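> Below you'll find the structure I mean.
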Amino acid sequence: MESAPKSFFEKALEYSLLLLIATVVILVLTQVISRYVVQLPFIGIEELARLVFVWACFLGTGLGVIRGRHISIDFLVRLLPPGVVNLLSIITLLMVLMISAIMVTHGSYFAINRWSFPDYSTALLYPRSLFYVPVPVSGAIIFVYTLKQIIAKLKHLF
C-alpha cells in the first residue's frame, strides 16, 4: 500500500524525534561510562536525559497519531459490518479529540502555573515547568490531526 507523502511538519517532527532519541542514548551512555568506567559521574546528565525523554515520548505520541499508528485492539471490530466499524471509528476519534483538548487546556494551565511559580532542577537549574510543556504541545498536534481524520472519515461517509 502506498503511503501519502509526508508533510513538512511531519518530517520536521520525525527528525526532531530522531535527534531527541539520539540525545537520550548519548546522554545515558555518557553517564554510564563516566560513572562506571571513569568513576567520575557528570552532574545533571540524568536530569537532562529525563527531560529529553519526556519530550520524545509526548512528541512521539503526536507522530503516532499523525501516522495512525497508535495502539488499537481490533479483534471484535473485525467481526462487525463496515458501517458499524466506521461509526465506531468516528466515535473513537471524537473521544481522542476530547482527550487532546483536555491535554491542551489543562496542560497549558499547568505549564503556565508551574512557570509562574518556578521550581528549578537540582543540578542544572532549568525550570521544571519544561517537563509540563510537551503535554499541551502534543495535545495540540493530536487535536489537529485527529480533527483532520474525523473530517476525512465524514467526507468518505457522506
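> Within segment 111-121, is even one residue touching a residue at least 60 places away in the same chain (Cβ under 8 Å) and within 30 Å of LEU48 (Cβ to Cβ)? Write out each step before concluding.
Narrowing segment 111-121 to residues touching a residue at least 60 places away in the same chain (Cβ under 8 Å): 121.
Among the residues that remain, those that are also within 30 Å of LEU48 (Cβ to Cβ) are: 121.
Within segment 111-121 (the criterion being touching a residue at least 60 places away in the same chain (Cβ under 8 Å) and within 30 Å of LEU48 (Cβ to Cβ)), the answer is yes, since at least one residue qualifies.
> Then there is this: Got a number for residues in segment 32-51 being of a type in the set (S, T, N, Q) and either part of a helix (DSSP H, G or I) or surrounded by 14 or more Cβ atoms within 10 Å (Cβ to Cβ) (or both)?
1
> Name the one entry in VAL54, VAL65 that is in a helix (DSSP H, G or I), within 23 Å of SER121 (Cβ to Cβ), β-branched (Val, Ile, Thr) and touching a residue at least 60 places away in the same chain (Cβ under 8 Å).
The unique qualifying residue is VAL54.
> Can you spot a residue in segment 96-104 that is in contact with a Pro (Cβ under 9 Å, 6 or more places away or on another chain), assigned to a helix (DSSP H, G or I), at negative phi and hydrophobic (A, V, I, L, M, F, W, C)?
Scanning segment 96-104, I find at least one residue that is in contact with a Pro (Cβ under 9 Å, 6 or more places away or on another chain), assigned to a helix (DSSP H, G or I), at negative phi and hydrophobic (A, V, I, L, M, F, W, C), so the answer is yes.
> If I filter segment 68-94 down to residues being surrounded by 11 or more Cβ atoms within 10 Å (Cβ to Cβ), assigned to a helix (DSSP H, G or I) and without any contact (Cβ under 8 Å) to a residue 60 or more places away in the chain, which single residue comes out as farthest from the chain's Cα centre (by Cα)?
My answer is VAL84.
Every number in this text was worked out from the coordinates using simple rules, so none of it is lab data. The shown structure was predicted, so the numbers you read here are calculated from the model rather than taken from an experiment. Positions of Cβ are generated from backbone atoms using ideal geometry, with glycine treated the same way; all protein chains shown enter the neighbour counts.
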